[in-house]
């Protein structure tokens, strides 16, 4: 079993997603989505290679990160650290977002 570790960037992205969903839909929708994402992430502890390497990030020259489609609207990016036996959560985003825009916004806020 792998340990799941959320990076500071992942936490920031999750908070931004919750804020977006609260404003656009409702706090219940945001909370339900957050719980759904957390539950889905739990599957990575037993099967860290569940998701493929991210094609979106390969296009940006990043080749070792996985893209886990949690549902039709949410994607989690993560890296598997075999040495530490960890799944490191890197970011979460709405699938309709631009990955380039998300990365630039997160870098400005970090």
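Some values worked out for this structure:
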item	result
Alpha-carbon centroid distance for the pair region 55-79 / region 1-39, whole angstrom	16
D_trans [Stokes-Einstein, Kirkwood Rh over alpha-carbon pairs] for region 3-109, 4 °C, 1.567 mPa s, µm² s⁻¹	92
Candidates 60, 14, 90: whichever shows maximal mean-square fluctuation once the chain is modelled as a Gaussian network with Cα springs under 10 Å	60
Among 94, 59, 83: highest mean-square fluctuation, GNM of the chain, C-alpha pairs under 10 Å	83
Estimated [θ] at 222 nm from DSSP helical runs (n ≥ 4, -39500 (n - 2.57)) normalised by residues in the chain, nearest 500	-13500 deg cm²/dmol
0 to 90° range, to nearest 10: angle between helix 99-109 axis and the chain longest Cα axis	80
The chain, relative contact order in percent, only Cα pairs under 8 angstrom and at least six apart counted	32
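Quick note: the coordinates plus some simple rules give every number you see, no bench work behind them. Remember, it's a predicted structure, so these values are computed and weren't measured experimentally.
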